[in-house]
Amino acid sequence: MNNKNILIGAVSVVGTFILLFIVYSLVNTPQKTDFPEINQVRSSDHTSWSKDNKNLLVEYSDIQCPACKSFHDLFRTFEASSSPDFKITQKTTLVFRHFPLFQIHQNSLVAAYAAEAASLQGKFWEMTNALYDKQVQWSTLGNPRDFFTGVAKELKLDTDKFKKDMDSQAVKNRVQANLTEGNNIGVNSTPTFFLNGKKVDVNSINDFKKLLNSQ
């Protein structure tokens with residue numbers, strides 16, 4: 001074998017090694033789990049439970065998502081003073097942020113706008129509760145706006161203001177800000193939770209409750 005062939009072979013081996021190392025690095029790069037940049041309550045956030053902000057449970061949620069409804073219903077059981085999990089609500093601040101999966105849930109964006117429009121009349125949680133409760137009824141509608149306006153009427157909101165706010169750029173910007181932040185930190189499914197800045201990764205509801213109770 002002449003020197004030229006030896007050189008070509010050596011370069012080929014080195015190139016292959018570099019390629020394999022890059023692939024290995026990409027596959028084995030530790031997934032980021034700490035997100036201190038989102039571990040704060042902002043003026044635009046919707047919060048529930050404790051007002052102390054000692055432990056922050058940040059939820060990125062899609063109001064049309066069935067799994068999000070399940071967690072929402074679970075959290076509401078915590079709020080009963082007779083619940084064995086009531087103490088979670090006394091030491092944890094729940095922070096709701098929008099992450100509508102509009103690519104697969106056709107009405108998720110409009111639902112988020114409806115919740116934000118209701119928040120401008122002081123009834124974010126009332127609207128969110130109602131939309132989760134009635135999720136099956138509006139999820140498949142071609143245009144759920146009239147349905148949402150009907151819910152706003154049931155909640156005794158000013159429906160003219162509600163409809164105007166639902167279309168406003170200010171409301172759309174608030175939802176988009178949550179969505180952009182979620183995308184930036186790698187949220188790709190709902191619900192996604194962060195407890196005190198750390199992404200929650202548990203295998204069951206019981207594990208989740210144990211985690212919250214341990215704080």
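The values are calculated or read from the model by the stated rules, or taken from the named source; none is laboratory data. None of these values were measured; they are calculated from a predicted model. When we count neighbours, we look across all protein chains shown, and the Cβ atoms used for this are built from the backbone with ideal geometry, even at glycine.
On the given criteria, is L56 over 13 Å from the mean Cα position of the chain (by Cα), at pLDDT 95 or above and assigned by TED's automatic domain parsing to the domain that holds A152? Criteria met by L56. Of all residues in the stretch 173-189, none are in a strand (DSSP E or B) and surrounded by 12 or more Cβ atoms within 10 Å (Cβ to Cβ). Scanning the stretch 134-147 for residues that are over 21 Å from the mean Cα position of the chain (by Cα) and either hydrophobic (A, V, I, L, M, F, W, C) or crowded, with 19+ Cβ neighbours inside 10 Å (or both) yields L141, P144, F147.
Scanning the stretch 185-194 turns up at least one residue that is in the same structural domain as I63 (by TED's automatic domain parsing) and more than 25 Å from R76 (Cα to Cα).
Looking across the stretch 110-133 at every residue that is surrounded by fewer than 23 Cβ atoms within 10 Å (Cβ to Cβ) and of a type in the set (G, A, S), the one that is nearest to T149 (Cα to Cα) is identified as A130. Scanning the stretch 76-109 for residues that are among the aromatic types (F, W, Y) and either outside the structural domain of S50 (by TED's automatic domain parsing) or surrounded by fewer than 18 Cβ atoms within 10 Å (Cβ to Cβ) (or both) turns up F86, F102. Selection of helices (runs of 4 or more DSSP H) fully inside the stretch 55-169 by the criterion of at least 2 residues being within 29 Å of K209 (Cα to Cα) and of a type in the set (K, R) returns 66-78, 86-91.
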